[in-house]
Every structure is written in C-alpha cells, then in structure tokens.
1. Looking for whichever is surrounded by 14 or more Cβ atoms within 10 Å (Cβ to Cβ) and at pLDDT 95 or above here; the options are Gln60, Gln79. Which one fits?
2. Select from region 27-53 the residues that are among the polar types (S, T, N, Q) and assigned to a helix (DSSP H, G or I) and write down the one among them that is nearest to Gln71 (Cα to Cα).
3. Quick check on my filter: what residues within region 7-23 are among the acidic types (Asp, Glu) and part of a loop (DSSP other than H, G, I, E, B)?
4. Go through (1) at pLDDT below 95; (2) surrounded by 12 or more Cβ atoms within 10 Å (Cβ to Cβ) for Trp26 and report which single condition fails.
5. Only one of these conditions is not met by Ala61: (1) touching a residue at least 24 places away in the same chain (Cβ under 8 Å); (2) within 13 Å of the chain's Cα centre (by Cα). Which number is it?
Amino acid sequence: MKELDPRVKLWLNSANVQGAFGDGKWRLLLAIGSEGSLQAASRLLRISYRKAWGDLQKTQAALGIRLVEKQRGGSKGGQTVLTAVGKSWVEAYMQFRQDVEKAIAKAYRKHLLELTR
C-alpha cells in the first residue's frame, strides 16, 4: 500500500456564524493582498465577485473587524487593500495552519503510518 498523506480543512465558527473564517476566506485575503482588488482576487480564485464579497462581509461581521478597505473607481479603477488587522489575520492564520498541520502529521506518524506500509 502506498503511504497516505494527511490533509485537513480548517475553519473557525462563532456562536452565531458557521464558517466565520477558514482556508477559503484566508485564500481570499491572500489573493486580495497580491492582486489589489476584490474583482481580480475573485477571478484568480475562480469564484464569483458576489460570493467573494459575501464571504468577506460575513467574515468581517463575525469577527467585528474590517479586514479590507475598498476604494471605488477613478481613472485607474477601484482597489481593495488589506487593513493592518487584515494583514495580521493572514499571517496569524498561516502560522496557526502550519502548527495544526505539524500536529496532524505527528499524530498520523504515531497512529497510522505503520499501517500504510
């Protein structure tokens, strides 16, 4: 049998909101940071602008913080940028995710690896 590789999807829930933050919303923030606009980020992730905007609104409401700032139109078009706290969330979630992946890999090696050989 070939060795398996454990994977996990993470998300955070609040008392009132399921999926307040997780991998998808983290990827959305990463894309906004790299692309400079919500529209370009949604294209990159191959999701509709409406879904991206809805996910962003849901997360900001659940967390009670602004993760992005939007600037409309103008001669060069609009842009969306991460706030300082948005950048902090991106970095902190990445570290959290790495810690969880390490713990999962350790548990996999301890309990299941030998069974896959």
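1. Working: Gln79 fails: at pLDDT 95 or above.
Of the residues listed, the single one that is surrounded by 14 or more Cβ atoms within 10 Å (Cβ to Cβ) and at pLDDT 95 or above is Gln60.
2. Of region 27-53, the ones among the polar types (S, T, N, Q) are 34, 37, 39, 42, 48.
Next, from what is left, pick out any that are assigned to a helix (DSSP H, G or I): 34, 39, 42.
Working: Ser34: 16, Gln39: 12, Ser42: 17 Å.
Applying the filter and picking the extreme gives Gln39.
3. First, pick out the residues of region 7-23 that are among the acidic types (Asp, Glu): 23.
None; the set is empty.
4. Of everything listed in (1) at pLDDT below 95; (2) surrounded by 12 or more Cβ atoms within 10 Å (Cβ to Cβ), Trp26 misses just condition (1).
5. The single condition Ala61 does not satisfy is (2).
The values are calculated or read from the model by the stated rules, or taken from the named source; none is laboratory data. Predicted, not measured: the structure shown is a model, and the values here were computed from it. No Cβ is skipped: glycine too gets one built from the backbone with ideal geometry, and neighbour counts run over all protein chains shown.
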